[in-house]
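Below: the structure, in structure tokens.
What follows is calculated from the coordinates using simple rules that are stated; it is not laboratory data. Computed from a predicted structure; not experimentally measured. Cβ coordinates were reconstructed from backbone atoms using ideal geometry, including for glycine residues, and neighbour counts include every protein chain displayed.
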Amino acid sequence: MADVTDITQSEEFLKAKLAALAEFAAGAGHEINNPVATIAGRVELLLKEESNPERRQALLTIGAQALRIRDMIGDVMLFARPPRPELKSEDLVAVVDDVCQKLSDSFRAKSLTVDRRCEQSVSILADAVQLRVVISSLLSNAVNASNSGGTIAVTCETHLLAADSWAVLSVHNHGLGLTAIECEHLFDPFFSGRQAGRGLGFGLSKCWRIIEQHGGHIVCESSSETGTIFRVHLPTTA
């Protein structure tokens, strides 16, 4: 029997959990950025007078790491206080196809096949830039999770739920599936199932935040036998 984990978390639980993280990030971000700015500024001054190659390299490393901290804090603060989406009529299918085209090199690098099964068009109100961030993150995650020569299934269709029309985007990879720890922290900022230092694991929390601001929700199912499916639900314009 397949080891299936349903990651359709309670919306209220998830909102409370991420709201607490967001509030911490907003407060701590300002405090952390001040010493980081001091370090980066001091490094810049020292580099102007330093001629020793080894010491210059050490200073460049310190400066680069300080800027990395700054960028990480910027991501957290953006998560805590995201910009309000500028909603316009968009064809979800066209956006999906456009993102797939832009990621075609990533698909080819692992000899992956994209099994696209979409309706002719699905009209939604969305911020085009933010929508592309969500789709790109889900597809990139699917590429990373897939074995070479595998298939990523992408569907885009409309569903009726309690008399309301929803657009449903599904991205299914056939990798090993998610662990229990990954399932528990799936949408937490900075959590990553990858080896420490190989990525911030911030993509899915951004996806959750964007979809929530669009009035939708994102769910996931993971199985050791069938892989992982992410489903994004967004209200249609119909």
Rounded to a whole number of µm²/s, how large is the Stokes-Einstein D of the chain at 10 °C and 1.306 mPa s, given Rh as the Kirkwood radius over C-alpha pairs? 80
Each label sits 7 Å from Cα toward the beta-carbon; between LEU46 and ASN33 the label points are separated, in nm, by 2.4
At 222 nm, what helix-only mean residue ellipticity would the chain give, in deg cm²/dmol to the nearest 500, using -39500 (n - 2.57) for each DSSP H run of four or more? -16500 deg cm²/dmol
Gap separating the Cα centres of the range 25-72 and the range 95-133, nearest whole Å: 38
Among VAL36, VAL114, ALA126, which residue has its Cα positioned farthest towards the positive end of the charge dipole of the chain, with +1 placed on the Cβ of Lys and Arg, -1 on the Cβ of Asp and Glu, and the dipole taken about the Cα centre? VAL36
Have a look at GLU44, GLU182, GLU23 and tell me which one the Gaussian network model of the chain (Cα, springs below 10 Å) gives the largest fluctuation. GLU44
From the phi of every residue in the range 214-226, what ³J(HN,Hα) in whole Hz does the Karplus formula 6.51 cos²θ - 1.76 cosθ + 1.60 yield, where θ is phi - 60° and glycine or proline is x? 8, x, x, 8, 10, 10, 8, 10, 10, 9, 5, 9, 10
By counting other Cβ atoms within 10 Å of each Cβ, how are ASP188, ASP105 ranked from fewest to most? ASP105, ASP188
Compute the acute angle (0 to 90°) between the alpha-carbon long axis of helix 128-145 and the principal axis of greatest extent of the alpha-carbon atoms of the chain; round to the nearest 10°. 90
Packing-based exposure ordering (other Cβ within 10 Å, fewest first) of ARG108, ARG68: ARG108, ARG68
Selected from SER140, CYS207, THR228, residue furthest toward positive end of dipole (the chain; charges at beta carbon): SER140
When SER137, SER104, SER123, SER148 are ranked with the fewest other C-beta atoms within 10 Å first, the list becomes SER148, SER104, SER123, SER137
Relative to the Cα centre, what is the charge dipole magnitude of the chain, using +1 at the beta carbon of each Lys and Arg, -1 at the beta carbon of each Asp and Glu, and rounding to the nearest 20 debye? 760
Sorted largest first, the C-alpha extents of the range 29-141 along its principal axes in whole angstrom are 62, 37, 19
For the chain, take the longest principal axis of its alpha carbons; what is the angle in degrees between that and the long axis of helix 53-80, to the nearest 10 within 0 to 90? 40
Cysteines in the chain lacking a second Cys C-beta under 4.7 Å: CYS100, CYS183, CYS207, CYS220
Helix axis angle, 11-49 relative to the chain longest principal axis, alpha carbon, degrees: 30
Relative contact order in percent for the chain (Cα pairs under 8 Å, 6+ apart) equals 22
Compute a Gaussian network model of the chain, connecting alpha carbons closer than 10 Å, and tell me which residue from THR226, THR155, THR38 fluctuates the most. THR38
